[in-house]
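Okay, so here's the structure we're looking at.
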Amino acid sequence: MQGGHDLGGKQGLGPINPESEAEEPVFHADWERRIFGLTLATGMLGKWNIDQSRYARERQHPINYLENSYYENWYEGVSKLLVEKGLISEAELLSGISQQTVSQEFPVPTREDVKKILSSGGPTEMGLDVGAVFCVGDHVRVIRNFTHGHSRVPTYVQGCVGKIEIHHGGHIFPDKSVEGLVSGEHLYAVRFSGKELWRSDIRNDEVIIDLWEPYLRSSN
Amino acid sequence: MPNDHDHDHTEPPSDIVLKVKALESLLIEKGLVNAEALEEIIETYEHKVGPRNGAHLVAKAWHDSDFKEKLLENPTAAAAALGYVGRQGEHLQVVENTPSQHNLVVCTLCSCYPWTVLGLPPAWYKSAPYRSRAVSEPRSVLREFGTELENEVVIRVWDSTSEMRYLVLPLRPTGTDGWTEAQLQQLVSRNSMIGIELAKSPAEINQTNQGIE
(Lines give C-alpha, C1' and ligand atoms only; values in the text may rest on other atoms or scores of the structure.)
Protein backbone atom coordinates (compact mmCIF):
# COMPACT_ATOMS: atom_id res chain seq x y z
CA MET A 1 0.00 0.00 0.00
CA GLN A 2 1.10 3.55 -0.67
CA GLY A 3 0.74 4.63 2.96
CA GLY A 4 2.51 7.15 5.13
CA HIS A 5 5.51 4.84 5.37
CA ASP A 6 6.25 4.92 1.62
CA LEU A 7 8.65 7.84 1.97
CA GLY A 8 11.27 7.54 -0.80
CA GLY A 9 11.45 10.77 -2.78
CA LYS A 10 8.77 12.59 -0.76
CA GLN A 11 9.51 16.29 -0.35
CA GLY A 12 9.05 18.95 2.27
CA LEU A 13 9.96 16.82 5.28
CA GLY A 14 12.78 19.15 6.29
CA PRO A 15 16.35 18.69 7.50
CA ILE A 16 17.61 15.55 9.24
CA ASN A 17 19.30 17.25 12.21
CA PRO A 18 21.25 14.16 13.26
CA GLU A 19 22.57 13.72 16.77
CA SER A 20 26.30 13.17 16.91
CA GLU A 21 27.34 9.54 16.85
CA ALA A 22 29.41 9.85 20.02
CA GLU A 23 26.51 11.22 22.04
CA GLU A 24 23.42 9.39 20.82
CA PRO A 25 22.08 6.77 23.24
CA VAL A 26 20.56 3.50 21.96
CA PHE A 27 17.22 4.49 23.52
CA HIS A 28 16.13 8.04 24.29
CA ALA A 29 13.64 7.15 27.02
CA ASP A 30 12.79 4.15 29.14
CA TRP A 31 9.45 3.58 27.39
CA GLU A 32 11.33 3.17 24.07
CA ARG A 33 13.45 0.46 25.67
CA ARG A 34 10.30 -1.29 26.97
CA ILE A 35 8.26 -1.15 23.73
CA PHE A 36 11.26 -2.38 21.75
CA GLY A 37 11.60 -5.36 24.10
CA LEU A 38 7.86 -6.04 24.22
CA THR A 39 7.60 -6.00 20.43
CA LEU A 40 10.38 -8.55 20.03
CA ALA A 41 9.15 -10.66 22.95
CA THR A 42 5.57 -10.89 21.66
CA GLY A 43 6.86 -11.49 18.13
CA MET A 44 8.51 -14.63 19.50
CA LEU A 45 5.10 -16.08 20.39
CA GLY A 46 4.87 -16.98 16.71
CA LYS A 47 1.44 -15.41 16.18
CA TRP A 48 2.63 -13.12 13.41
CA ASN A 49 5.62 -12.73 11.09
CA ILE A 50 7.82 -9.74 10.24
CA ASP A 51 5.69 -8.69 7.26
CA GLN A 52 2.51 -8.72 9.34
CA SER A 53 4.37 -6.70 11.93
CA ARG A 54 5.45 -4.11 9.34
CA TYR A 55 1.95 -4.02 7.84
CA ALA A 56 0.42 -3.34 11.25
CA ARG A 57 2.50 -0.14 11.49
CA GLU A 58 1.89 0.84 7.88
CA ARG A 59 -1.88 0.66 7.92
CA GLN A 60 -2.29 3.58 10.25
CA HIS A 61 -3.66 6.84 8.91
CA PRO A 62 -0.69 8.56 7.20
CA ILE A 63 -1.05 11.59 9.44
CA ASN A 64 -0.68 9.42 12.53
CA TYR A 65 2.23 7.47 11.02
CA LEU A 66 4.14 10.67 10.27
CA GLU A 67 3.22 12.45 13.49
CA ASN A 68 4.22 9.54 15.71
CA SER A 69 7.78 9.04 16.77
CA TYR A 70 9.44 5.82 15.60
CA TYR A 71 8.72 3.80 18.72
CA GLU A 72 5.19 5.24 19.01
CA ASN A 73 4.59 3.49 15.69
CA TRP A 74 5.95 0.31 17.21
CA TYR A 75 3.44 0.66 20.03
CA GLU A 76 0.62 1.17 17.53
CA GLY A 77 1.73 -1.86 15.52
CA VAL A 78 2.18 -4.33 18.35
CA SER A 79 -0.96 -3.32 20.24
CA LYS A 80 -3.00 -3.70 17.04
CA LEU A 81 -1.60 -7.22 16.45
CA LEU A 82 -2.18 -8.29 20.05
CA VAL A 83 -5.83 -7.23 19.84
CA GLU A 84 -6.39 -8.66 16.35
CA LYS A 85 -4.93 -12.02 17.34
CA GLY A 86 -7.17 -12.11 20.39
CA LEU A 87 -4.29 -12.16 22.90
CA ILE A 88 -5.59 -9.03 24.61
CA SER A 89 -8.80 -7.01 24.33
CA GLU A 90 -9.16 -3.36 23.50
CA ALA A 91 -10.43 -2.74 27.05
CA GLU A 92 -7.40 -4.47 28.54
CA LEU A 93 -5.08 -2.44 26.33
CA LEU A 94 -6.55 0.83 27.57
CA SER A 95 -6.75 -0.15 31.24
CA GLY A 96 -3.61 -2.26 31.50
CA ILE A 97 -5.64 -4.66 33.66
CA SER A 98 -6.16 -8.28 32.73
CA GLN A 99 -9.86 -9.15 32.38
CA GLN A 100 -9.68 -12.57 30.80
CA THR A 101 -7.15 -15.34 30.58
CA VAL A 102 -5.68 -16.29 27.23
CA SER A 103 -7.50 -19.35 25.95
CA GLN A 104 -4.74 -20.75 23.73
CA GLU A 105 -1.89 -22.72 25.19
CA PHE A 106 1.45 -21.99 23.63
CA PRO A 107 5.02 -21.68 24.87
CA VAL A 108 6.20 -18.28 26.08
CA PRO A 109 9.98 -17.93 25.53
CA THR A 110 12.22 -17.84 28.59
CA ARG A 111 15.54 -16.00 28.88
CA GLU A 112 17.36 -19.05 27.52
CA ASP A 113 14.94 -19.39 24.61
CA VAL A 114 15.43 -15.71 23.78
CA LYS A 115 19.21 -16.13 23.56
CA LYS A 116 18.75 -18.93 21.04
CA ILE A 117 16.09 -17.13 19.02
CA LEU A 118 18.10 -13.91 18.77
CA SER A 119 21.27 -15.65 17.67
CA SER A 120 19.58 -17.93 15.14
CA GLY A 121 17.48 -15.22 13.51
CA GLY A 122 14.95 -15.98 10.79
CA PRO A 123 16.48 -16.55 7.37
CA THR A 124 14.13 -15.84 4.45
CA GLU A 125 16.07 -17.56 1.70
CA MET A 126 14.34 -20.58 0.21
CA GLY A 127 14.85 -23.02 -2.65
CA LEU A 128 12.46 -22.57 -5.56
CA ASP A 129 11.19 -25.10 -8.09
CA VAL A 130 11.08 -22.55 -10.87
CA GLY A 131 14.10 -20.88 -12.44
CA ALA A 132 14.71 -17.15 -12.44
CA VAL A 133 13.09 -15.22 -15.29
CA PHE A 134 15.77 -12.50 -15.31
CA CYS A 135 19.56 -12.55 -15.51
CA VAL A 136 22.13 -10.06 -14.30
CA GLY A 137 22.30 -7.26 -16.88
CA ASP A 138 18.66 -7.56 -18.03
CA HIS A 139 16.57 -4.40 -18.23
CA VAL A 140 13.33 -4.50 -16.29
CA ARG A 141 10.40 -2.17 -15.74
CA VAL A 142 8.74 -2.04 -12.31
CA ILE A 143 4.96 -2.59 -12.28
CA ARG A 144 2.53 0.05 -11.05
CA ASN A 145 1.25 -1.42 -7.84
CA PHE A 146 -1.98 -0.34 -6.19
CA THR A 147 -2.60 -3.18 -3.77
CA HIS A 148 -4.17 -2.23 -0.47
CA GLY A 149 -2.16 -4.99 1.16
CA HIS A 150 1.46 -5.09 2.26
CA SER A 151 4.03 -4.80 -0.47
CA ARG A 152 7.74 -3.94 -0.66
CA VAL A 153 7.82 -2.06 -3.94
CA PRO A 154 8.11 1.65 -3.13
CA THR A 155 6.12 4.12 -5.22
CA TYR A 156 9.19 6.00 -6.39
CA VAL A 157 10.51 3.12 -8.52
CA GLN A 158 7.14 2.10 -9.97
CA GLY A 159 6.99 2.45 -13.75
CA CYS A 160 10.76 3.02 -13.97
CA VAL A 161 13.31 0.98 -15.91
CA GLY A 162 16.39 -0.45 -14.20
CA LYS A 163 19.02 -3.09 -14.68
CA ILE A 164 19.39 -6.34 -12.74
CA GLU A 165 22.55 -6.02 -10.66
CA ILE A 166 22.41 -9.10 -8.38
CA HIS A 167 20.22 -12.20 -8.26
CA HIS A 168 19.80 -12.97 -4.56
CA GLY A 169 18.04 -16.32 -5.14
CA GLY A 170 14.62 -17.25 -3.79
CA HIS A 171 13.28 -15.37 -0.77
CA ILE A 172 9.97 -15.31 1.09
CA PHE A 173 7.59 -13.00 -0.80
CA PRO A 174 6.23 -10.30 1.55
CA ASP A 175 2.95 -9.83 -0.36
CA LYS A 176 2.03 -13.46 0.47
CA SER A 177 3.85 -13.62 3.79
CA VAL A 178 1.57 -10.88 5.13
CA GLU A 179 -1.33 -13.31 4.60
CA GLY A 180 0.55 -15.90 6.64
CA LEU A 181 1.68 -17.88 3.59
CA VAL A 182 5.26 -19.01 3.15
CA SER A 183 5.83 -18.62 -0.56
CA GLY A 184 9.10 -17.75 -2.26
CA GLU A 185 9.94 -15.66 -5.31
CA HIS A 186 13.22 -14.77 -6.97
CA LEU A 187 14.71 -11.61 -5.50
CA TYR A 188 16.92 -9.18 -7.42
CA ALA A 189 18.91 -6.06 -6.65
CA VAL A 190 17.89 -3.66 -9.43
CA ARG A 191 19.93 -0.57 -10.30
CA PHE A 192 18.24 2.66 -11.43
CA SER A 193 19.94 5.81 -12.61
CA GLY A 194 19.10 8.99 -10.75
CA LYS A 195 18.09 10.44 -14.09
CA GLU A 196 15.50 7.68 -14.64
CA LEU A 197 14.01 8.13 -11.16
CA TRP A 198 14.20 11.87 -10.66
CA ARG A 199 14.98 13.39 -14.07
CA SER A 200 17.83 15.03 -12.22
CA ASP A 201 20.92 16.54 -13.81
CA ILE A 202 23.30 14.56 -11.65
CA ARG A 203 23.50 11.56 -13.90
CA ASN A 204 26.08 9.61 -11.94
CA ASP A 205 23.96 8.92 -8.86
CA GLU A 206 22.19 5.57 -8.68
CA VAL A 207 19.71 3.74 -6.49
CA ILE A 208 19.88 -0.02 -6.01
CA ILE A 209 16.82 -1.63 -4.55
CA ASP A 210 15.78 -5.22 -3.87
CA LEU A 211 12.67 -6.25 -5.81
CA TRP A 212 10.89 -9.59 -6.11
CA GLU A 213 10.17 -11.06 -9.55
CA PRO A 214 6.38 -10.40 -9.50
CA TYR A 215 7.15 -6.66 -9.32
CA LEU A 216 9.15 -6.74 -12.56
CA ARG A 217 8.49 -7.00 -16.32
CA SER A 218 11.06 -7.46 -19.05
CA SER A 219 12.15 -4.25 -20.75
CA ASN A 220 14.96 -5.50 -22.99
CA MET B 1 -11.21 -1.32 16.59
CA PRO B 2 -13.12 1.94 16.87
CA ASN B 3 -10.62 3.55 19.23
CA ASP B 4 -7.55 2.49 17.33
CA HIS B 5 -6.57 5.97 16.19
CA ASP B 6 -8.45 7.98 18.71
CA HIS B 7 -5.98 10.21 20.49
CA ASP B 8 -8.70 12.34 22.06
CA HIS B 9 -9.97 9.84 24.60
CA THR B 10 -9.79 11.31 28.07
CA GLU B 11 -9.58 8.15 30.14
CA PRO B 12 -6.07 7.26 31.23
CA PRO B 13 -3.61 6.07 30.11
CA SER B 14 -3.41 8.73 27.44
CA ASP B 15 0.25 9.32 27.05
CA ILE B 16 2.83 6.98 25.56
CA VAL B 17 4.75 6.44 28.80
CA LEU B 18 1.61 5.28 30.56
CA LYS B 19 0.41 3.28 27.59
CA VAL B 20 3.65 1.31 27.37
CA LYS B 21 3.74 0.78 31.11
CA ALA B 22 0.16 -0.52 31.01
CA LEU B 23 0.95 -2.82 28.11
CA GLU B 24 3.99 -4.26 29.84
CA SER B 25 2.18 -5.02 33.09
CA LEU B 26 -0.75 -6.48 31.17
CA LEU B 27 1.42 -8.80 29.09
CA ILE B 28 3.35 -9.97 32.12
CA GLU B 29 0.19 -10.49 34.16
CA LYS B 30 -1.35 -12.52 31.33
CA GLY B 31 1.80 -14.60 31.03
CA LEU B 32 2.38 -13.55 27.42
CA VAL B 33 5.81 -12.14 28.17
CA ASN B 34 8.41 -13.53 30.52
CA ALA B 35 10.00 -10.67 32.49
CA GLU B 36 13.50 -12.15 32.36
CA ALA B 37 13.21 -12.79 28.63
CA LEU B 38 12.22 -9.16 28.15
CA GLU B 39 15.31 -7.98 30.05
CA GLU B 40 17.49 -10.29 27.96
CA ILE B 41 16.22 -8.73 24.72
CA ILE B 42 16.76 -5.17 25.93
CA GLU B 43 20.19 -5.95 27.39
CA THR B 44 21.32 -7.63 24.18
CA TYR B 45 20.57 -4.65 21.95
CA GLU B 46 21.47 -1.94 24.41
CA HIS B 47 24.80 -3.36 25.54
CA LYS B 48 25.98 -6.40 23.60
CA VAL B 49 25.30 -5.88 19.91
CA GLY B 50 26.61 -2.67 18.36
CA PRO B 51 28.75 -0.99 15.72
CA ARG B 52 31.99 -2.28 17.28
CA ASN B 53 31.11 -5.59 15.60
CA GLY B 54 31.03 -3.97 12.16
CA ALA B 55 34.19 -1.97 12.89
CA HIS B 56 35.94 -5.25 13.70
CA LEU B 57 34.94 -6.65 10.28
CA VAL B 58 36.03 -3.51 8.44
CA ALA B 59 39.39 -3.17 10.22
CA LYS B 60 40.10 -6.84 9.66
CA ALA B 61 39.26 -6.48 5.96
CA TRP B 62 41.60 -3.48 5.65
CA HIS B 63 44.35 -5.38 7.43
CA ASP B 64 43.98 -8.81 5.85
CA SER B 65 43.26 -9.07 2.13
CA ASP B 66 42.21 -12.73 2.36
CA PHE B 67 39.58 -11.82 4.90
CA LYS B 68 38.45 -8.91 2.75
CA GLU B 69 37.92 -11.28 -0.15
CA LYS B 70 35.85 -13.59 2.06
CA LEU B 71 33.88 -10.68 3.45
CA LEU B 72 32.91 -9.44 -0.01
CA GLU B 73 32.30 -12.95 -1.34
CA ASN B 74 30.17 -14.30 1.51
CA PRO B 75 29.55 -11.60 4.13
CA THR B 76 27.13 -13.61 6.26
CA ALA B 77 29.66 -16.45 6.67
CA ALA B 78 32.58 -14.07 7.24
CA ALA B 79 30.67 -12.27 9.98
CA ALA B 80 29.53 -15.57 11.49
CA ALA B 81 33.15 -16.75 11.70
CA LEU B 82 33.75 -13.85 14.13
CA GLY B 83 30.58 -14.66 16.08
CA TYR B 84 28.32 -12.00 14.58
CA VAL B 85 25.15 -13.92 13.84
CA GLY B 86 21.45 -13.52 14.42
CA ARG B 87 18.38 -11.49 13.85
CA GLN B 88 18.46 -8.79 11.16
CA GLY B 89 21.78 -10.10 9.94
CA GLU B 90 20.66 -13.34 8.30
CA HIS B 91 21.55 -12.12 4.80
CA LEU B 92 24.42 -9.66 4.89
CA GLN B 93 25.77 -7.84 1.85
CA VAL B 94 28.96 -5.79 2.04
CA VAL B 95 29.34 -2.98 -0.48
CA GLU B 96 32.81 -1.57 -0.98
CA ASN B 97 33.62 2.09 -1.44
CA THR B 98 36.28 2.87 -4.05
CA PRO B 99 37.84 6.17 -5.12
CA SER B 100 35.23 6.39 -7.90
CA GLN B 101 32.18 4.94 -6.13
CA HIS B 102 30.57 5.72 -2.78
CA ASN B 103 27.81 3.62 -1.19
CA LEU B 104 25.03 4.83 1.09
CA VAL B 105 22.38 2.70 2.83
CA VAL B 106 18.77 3.59 3.60
CA CYS B 107 15.44 1.85 4.17
CA THR B 108 12.75 4.07 2.65
CA LEU B 109 9.85 1.82 3.74
CA CYS B 110 10.79 1.23 7.37
CA SER B 111 14.10 0.90 9.21
CA CYS B 112 15.92 -2.20 7.93
CA TYR B 113 19.48 -2.21 9.20
CA PRO B 114 22.17 -4.87 9.83
CA TRP B 115 21.62 -5.36 13.57
CA THR B 116 24.25 -8.09 14.01
CA VAL B 117 27.06 -5.80 12.93
CA LEU B 118 25.76 -2.28 13.69
CA GLY B 119 23.22 -2.77 16.51
CA LEU B 120 20.01 -0.76 16.40
CA PRO B 121 19.83 2.15 13.95
CA PRO B 122 20.28 5.76 15.11
CA ALA B 123 17.19 7.98 15.27
CA TRP B 124 18.13 9.94 12.13
CA TYR B 125 18.29 6.73 10.05
CA LYS B 126 14.66 6.03 10.97
CA SER B 127 13.48 9.62 10.44
CA ALA B 128 11.17 10.72 7.63
CA PRO B 129 13.63 13.34 6.28
CA TYR B 130 16.42 10.78 5.85
CA ARG B 131 14.18 8.06 4.42
CA SER B 132 12.63 10.46 1.91
CA ARG B 133 15.74 12.32 0.80
CA ALA B 134 18.53 9.70 0.80
CA VAL B 135 17.32 8.21 -2.50
CA SER B 136 16.39 11.44 -4.30
CA GLU B 137 19.07 13.89 -3.11
CA PRO B 138 21.93 11.87 -1.59
CA ARG B 139 24.47 14.64 -2.09
CA SER B 140 22.57 17.18 -0.04
CA VAL B 141 21.96 14.52 2.63
CA LEU B 142 25.68 13.70 2.76
CA ARG B 143 26.46 17.40 2.97
CA GLU B 144 24.22 17.66 6.00
CA PHE B 145 26.61 15.23 7.71
CA GLY B 146 29.62 17.23 6.53
CA THR B 147 30.49 14.73 3.79
CA GLU B 148 31.48 16.35 0.48
CA LEU B 149 32.24 14.11 -2.49
CA GLU B 150 33.64 15.09 -5.88
CA ASN B 151 31.03 15.29 -8.65
CA GLU B 152 32.84 12.51 -10.51
CA VAL B 153 32.29 10.04 -7.69
CA VAL B 154 29.25 7.84 -8.37
CA ILE B 155 26.93 7.60 -5.38
CA ARG B 156 25.09 4.30 -5.07
CA VAL B 157 22.21 4.38 -2.65
CA TRP B 158 21.06 0.95 -1.45
CA ASP B 159 17.39 0.92 -0.45
CA SER B 160 16.91 -2.08 1.88
CA THR B 161 13.47 -3.29 0.84
CA SER B 162 14.12 -7.01 1.37
CA GLU B 163 15.75 -9.01 4.17
CA MET B 164 19.18 -8.39 2.62
CA ARG B 165 21.12 -6.16 5.04
CA TYR B 166 23.75 -3.80 3.66
CA LEU B 167 27.02 -2.79 5.32
CA VAL B 168 29.40 -0.31 3.69
CA LEU B 169 33.11 -1.14 3.60
CA PRO B 170 34.62 2.36 3.75
CA LEU B 171 37.83 3.39 2.02
CA ARG B 172 40.88 2.85 4.19
CA PRO B 173 42.18 6.29 5.18
CA THR B 174 45.57 7.34 3.87
CA GLY B 175 48.49 7.56 6.27
CA THR B 176 47.64 4.25 7.94
CA ASP B 177 50.31 2.00 6.42
CA GLY B 178 51.62 -0.46 8.96
CA TRP B 179 48.76 0.12 11.42
CA THR B 180 47.52 -2.84 13.44
CA GLU B 181 43.96 -4.09 13.18
CA ALA B 182 43.18 -2.61 16.60
CA GLN B 183 44.51 0.80 15.55
CA LEU B 184 42.53 0.70 12.32
CA GLN B 185 39.37 -0.17 14.20
CA GLN B 186 39.41 3.23 15.90
CA LEU B 187 38.95 4.87 12.50
CA VAL B 188 35.75 3.00 11.68
CA SER B 189 32.72 4.98 12.79
CA ARG B 190 29.20 3.61 12.68
CA ASN B 191 28.29 6.39 10.24
CA SER B 192 31.05 5.33 7.84
CA MET B 193 29.52 1.85 7.69
CA ILE B 194 26.13 3.34 6.74
CA GLY B 195 28.01 5.42 4.18
CA ILE B 196 26.87 8.79 5.48
CA GLU B 197 30.45 9.72 6.43
CA LEU B 198 33.95 8.61 5.49
CA ALA B 199 36.18 6.70 7.88
CA LYS B 200 38.08 8.98 10.27
CA SER B 201 41.50 10.22 9.36
CA PRO B 202 44.51 9.51 11.63
CA ALA B 203 44.49 13.22 12.54
CA GLU B 204 40.91 13.02 13.85
CA ILE B 205 41.86 10.11 16.09
CA ASN B 206 44.87 11.96 17.46
CA GLN B 207 42.70 14.96 18.28
CA THR B 208 40.20 12.75 20.09
CA ASN B 209 42.93 10.96 22.00
CA GLN B 210 44.40 14.25 23.15
CA GLY B 211 40.97 15.46 24.17
CA ILE B 212 41.13 18.52 21.93
CA GLU B 213 38.23 17.68 19.60
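The values are calculated or read from the model by the stated rules, or taken from the named source; none is laboratory data. From a predicted model like this one, the values you see are computed outputs, not experimental measurements. Note that each Cβ is placed from the backbone with ideal geometry, even for glycine, and that neighbours are counted across all protein chains shown.
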Going through segment A:71-102 in order, the residues found to be among the basic types (Lys, Arg) and outside any loop (DSSP other than H, G, I, E, B) are A:LYS80
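Each row is one residue, and each column tells you yes or no for (1) more than 7 Å from chain B (Cβ to nearest Cβ); (2) hydroxyl-bearing (Ser, Thr, Tyr); (3) touching a helix residue (DSSP H, G or I) at 6+ places or on another chain (Cβ under 6 Å); (4) more than 18 Å from B:PRO129 (Cα to Cα).
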site: A:PRO18; (1), (2), (3), (4): no, no, yes, no
site: A:TRP31; (1), (2), (3), (4): no, no, yes, yes
site: A:THR39; (1), (2), (3), (4): yes, yes, yes, yes
site: A:ARG59; (1), (2), (3), (4): yes, no, no, yes
site: A:ASN73; (1), (2), (3), (4): yes, no, yes, no
Could you tell me whether B:ILE42 is within 18 Å of the chain's Cα centre (by Cα) and at the interface with another protein chain (Cβ under 7 Å from one of its Cβ atoms)?
-> yes
Among the residues of segment A:2-57, count how many are of a type in the set (A, V, I, L, M), within 22 Å of the chain's Cα centre (by Cα) and surrounded by fewer than 16 Cβ atoms within 10 Å (Cβ to Cβ).
-> 1
Output the number of residues of segment A:103-132 satisfying the condition of being over 25 Å from B:TYR113 (Cα atoms) and surrounded by 14 or more Cβ atoms within 10 Å (Cβ to Cβ).
-> 3
Might you let me know whether segment B:80-90 holds any residue that is among the hydrophobic types (A, V, I, L, M, F, W, C) and in a helix (DSSP H, G or I)?
-> yes
From the set of residues in segment A:90-108 that are more than 10 Å from chain B (Cβ to nearest Cβ) and polar (S, T, N, Q), which is farthest from A:GLY43 (Cα to Cα)?
-> A:SER103
Single unsatisfied condition, B:LEU71 versus (1) surrounded by fewer than 20 Cβ atoms within 10 Å (Cβ to Cβ); (2) of a type outside the set (Lys, Arg); (3) in a helix (DSSP H, G or I) | (1)
Would a scan of segment B:185-193 turn up a residue that is farther than 23 Å from B:GLU46 by Cα and among the hydroxyl-bearing types (Ser, Thr, Tyr)?
-> no
Could you please let me know if A:HIS186 is touching a residue at least 24 places away in the same chain (Cβ under 8 Å), surrounded by 17 or more Cβ atoms within 10 Å (Cβ to Cβ), not small (Gly, Ala, Ser) and not in a loop (DSSP other than H, G, I, E, B)?
-> yes
Please tell me if A:LEU187 is closer than 18 Å to B:LEU109 by Cβ and of a type outside the set (Lys, Arg).
-> yes
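What residue, of A:VAL102, A:VAL26, is at pLDDT below 95 and touching a Gly at 6+ places or on another chain (Cβ under 8 Å)?
Only one candidate passes the filter, namely A:VAL102.
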Yes/no for A:GLY37 being among the small types (Gly, Ala, Ser), under 25 Å from B:PRO122 (Cβ atoms), free of Cβ contacts under 8 Å to residues at least 12 places away in the same chain and not in a loop (DSSP other than H, G, I, E, B) = yes
